[in-house]
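Enquirer: One structure is given below, represented as C-alpha cells, and several questions about it will come after.
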Ligand code: PPE
C-alpha cells in the first residue's frame, strides 16, 4: 500500500488525499493515453532535501506529452515548483514524486478532441524498489516471454501510461515464476530493458548498454553514463544479445525507483561471482553520493526544496 499523505496537487491546487478523484469516463482510464513521471527526492548529507534531476524529468514529461499530442495546461516552471511544494506541504524530506497528465471525461471513442487535460502530482515515501537486499546483494532476473514494444507500435521515448501494460504483464509473469524482475528483449531479439529499469553489463571493465531505440531513455541511465565517463571506463551504447549477459562479469539495472541495483542471476545463471562486482559497486556508491548531494561534481543535478 502507498503510504498516504495529507495533500495531492491537482490542476493547480492542493486537495485532500481522499478528494483526489476522477470521473469513470476519464479518457485515459479507458484508452491508456496519458503521460507520467517518476522522480526521487533525497535527504542530503547536510540535512537539506534535494530533488534529483527535476528539470530533466519535467522536460521528459513535456516531451512525452508532445509525442502523445497532449497539451499540458501549465508551464514547466509551474510543474517543477508544484513538485517541490507537494513534498513541502506533506512534510516529506525524502520520497517519490509522481506527476501524471491525463485526458479527462468528455467524448468517448479514440478521438478525444476537446476533452480537458488533468494534471496531478502525488508524493509518497518509497523505499528500495526491488528491496534493500537487492541493492546490497543483487536481484534475480528472468527473460520475459513478452517482447518490448516495437518502435512503431508504441512511442518508446515517451513515458506513456499505456506503454506500461507490457511492463505489468512481464513483471507479474517474472514474479509468479519466482524471480524479482523481467528482462525484455526487443522485436529483433536483442536486450532492451527491464520492466521498469534500463540495463548495463560489464565485461573486462568495458561497459555496454542498449542504445536508445526501444528503451525508455532513462534519466538514471543518463546519470550513470556521466559517472562512467568521469571514471574513464569504456562505454558502448550498442545492441547485444542475452547470452552476452550470461557471460558478463557484472550486470546492473538503473531507474529512478530501482536506483542502481546489481543483478546476481539471469535465467538461473549466476552472473560473475554471484555478488555485486567492483565496477557496479563503484558506480552505485557514486550514484548515491551524487543523489545525496555529497559530490560537488554533480551538484547541478540537485534542486533543493
Ligand atoms: N525503463 C522503463 C520501462 C522504466 O519504467 C523506467 C523507470 C526506466 C527505464 C528508467 O528511467 P529513469 O527512471 O528515468 O531512470 N521506471 C519508473 C517507474 C517505476 C514504477 O513501477 O512505477 C521509475 O523508476 O520511476
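Enquirer: Within the set of pairs 6+ apart or on separate chains, which have a first residue in the stretch 155-169 that is more than 18 Å from residue 98 (Cα to Cα) and touching a residue at least 40 places away in the same chain (Cβ under 8 Å), a second that is assigned to a helix (DSSP H, G or I) and away from the ligand (no atom under 11 Å from the Cβ), and C-beta atoms under 6 Å apart?
Expert: Partner pairs satisfying both residue conditions: 155/67.
Enquirer: Residue by residue through the stretch 49-69, note down the ones that are within 20 Å of residue 300 (Cβ to Cβ) and in contact with a strand residue (DSSP E or B) (Cβ under 8 Å, 6 or more places away or on another chain).
Expert: The answer is 49, 50, 51, 52, 53, 54, 55, 57, 58, 61.
Enquirer: Consider residue 138 against the criteria (1) over 19 Å from the mean Cα position of the chain (by Cα); (2) at positive phi; (3) surrounded by 14 or more Cβ atoms within 10 Å (Cβ to Cβ): it satisfies all of them except one. Which criterion is unmet?
Expert: (1)
Enquirer: Have a look at 247, 286 and point out the one that is crowded, with 21+ Cβ neighbours inside 10 Å, farther than 21 Å from residue 195 by Cβ and out of contact with any strand residue (DSSP E or B) (no Cβ under 6 Å at 6 or more places or on another chain). Spell out the reasoning first.
Expert: Details: 247 fails: crowded, with 21+ Cβ neighbours inside 10 Å.
Of the residues listed, the single one that is crowded, with 21+ Cβ neighbours inside 10 Å, farther than 21 Å from residue 195 by Cβ and out of contact with any strand residue (DSSP E or B) (no Cβ under 6 Å at 6 or more places or on another chain) is 286.
Enquirer: Follow-up question, since we're still on this one. Hey, can you tell me all the residues within the stretch 217-246 that are within 11 Å of the ligand (Cβ to nearest atom) and not in a helix (DSSP H, G or I)?
Expert: 217, 218
Enquirer: Further, regarding this structure: Suppose we keep only residues that are within 15 Å of residue 217 (Cα to Cα) and in a strand (DSSP E or B) within the stretch 247-259. Which one would you say is nearest to the ligand (Cβ to nearest atom)?
Expert: 255
Enquirer: Moving on to the next point. Quick test for you: out of 273, 299, pick the one residue that is farther than 19 Å from residue 60 by Cα, out of contact with any strand residue (DSSP E or B) (no Cβ under 7 Å at 6 or more places or on another chain), part of a helix (DSSP H, G or I) and away from the ligand (no atom under 14 Å from the Cβ). Steps first, answer last, please.
Expert: Working: 273 fails: part of a helix (DSSP H, G or I).
Of 273, 299, the one residue that is farther than 19 Å from residue 60 by Cα, out of contact with any strand residue (DSSP E or B) (no Cβ under 7 Å at 6 or more places or on another chain), part of a helix (DSSP H, G or I) and away from the ligand (no atom under 14 Å from the Cβ) is 299.
Enquirer: Give the residues of the stretch 122-170 that are closer than 19 Å to residue 66 by Cα, part of a helix (DSSP H, G or I) and either within 11 Å of the ligand (Cβ to nearest atom) or at pLDDT below 95 (or both), sorted by residue number.
Expert: Residues satisfying the conditions are 161, 163, 164.
Enquirer: Same structure again: Could you tell me how many of the residues in the stretch 192-206 are out of contact with any helix residue (DSSP H, G or I) (no Cβ under 6 Å at 6 or more places or on another chain) and either without any contact (Cβ under 8 Å) to a residue 24 or more places away in the chain or more than 11 Å from the ligand (Cβ to nearest atom) (or both)?
Expert: So the answer is 5.
Enquirer: Something else: Report yes if residue 282 is more than 25 Å from residue 40 (Cβ to Cβ) and either modelled with pLDDT of 95 or more or in a loop (DSSP other than H, G, I, E, B) (or both), otherwise no.
Expert: Working: more than 25 Å from residue 40 (Cβ to Cβ): no; either modelled with pLDDT of 95 or more or in a loop (DSSP other than H, G, I, E, B) (or both): yes.
No: the conditions fail for residue 282.
The values are calculated or read from the model by the stated rules, or taken from the named source; none is laboratory data. This is a predicted model, so every value here is computed, not measured. Cβ sites come from the backbone with ideal geometry, for glycine too, and all protein chains shown count toward neighbours.
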